[in-house]
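The values are calculated or read from the model by the stated rules, or taken from the named source; none is laboratory data. Bear in mind the structure is a predicted one, so any value in this text is a computation, not a measurement. Please note that ligands, DNA and RNA were not included when accessible areas were found on the heavy atoms of the full protein model with its side chains. Shrake-Rupley method; radii C 1.70, N 1.55, O 1.52, S 1.80 Å.
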Amino acid sequence: MSKKIRRSSNLKIYVTYYLMFLLGGILFIVGLYTYDRGALISEEGGDGRGLENAGIIFIVLGVLFVFLSIIYSRRGARVIGVNCPYCHGTGYVDAGRGKKARTEMCPICDGTGKMYDKTAKQLLEEKEHQKRDISGKKDVQKNKEEEDEVETS
């Protein structure tokens with residue numbers, strides 16, 4: 001695995017999306033307030049044209065940031081959709097804190113962080129294998145209980 005590839009985690013995608021949306025909302029509200037203040041000064045006979053223009057600029061920037069956050073969320077959803085569910089797209093399994101953290105590569109996606117058809121099949125097979133092991137252990141316990149009942153009677 002190349003060390004040059006820097007993956008973005010699911011949390012980073014969500015935080016970036018919400019920050020962009022929040023910034024857009026704040027700029028929009030400030031723009032409305034500034035435009036209204038400039039219009040009020042103009043009505044009273046003052047020179048509020050500069051505040052009106054600044055308000056329009058803030059409104060446009062706010063709408064632009066909200067629009068860009070929506071586009072970013074769509075792209076982020078595509079990235080999150082193919083992330084490996086075992087390592088959450090990082091490529092590493094958390095092994096502890098400090099120097100031990102992120103030292104083991106994910107066994108499902110082999111450190112790529114992406115879930116493709118081959119790895120999806122492998123993950124499903126592994127889950128089925130775990131279910132068989134659990135049900136096999138239950139069957140063994142039932143058989144032992146039945147043998148104990150037969151011996152006691």
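Of everything in segment 1-14 that is of a type in the set (A, V, I, L, M, F, W, C) and open to solvent by 70 Å² or more (accessible area, probe 1.4 Å), the residue that is modelled with the highest pLDDT is Leu11.
Within segment 111-137, which residues are open to solvent by 100 Å² or more (accessible area, probe 1.4 Å) and either within 22 Å of the chain's Cα centre (by Cα) or at pLDDT below 70 (or both)? Tyr116, Asp117, Lys118, Lys121, Leu124 - these are the residues of segment 111-137 that are open to solvent by 100 Å² or more (accessible area, probe 1.4 Å) and either within 22 Å of the chain's Cα centre (by Cα) or at pLDDT below 70 (or both). Scan segment 20-33 and tell me whether some residue there is among the β-branched types (Val, Ile, Thr) and within 30 Å of Lys114 (Cα to Cα). So far as segment 20-33 goes, no, none of its residues is among the β-branched types (Val, Ile, Thr) and within 30 Å of Lys114 (Cα to Cα).
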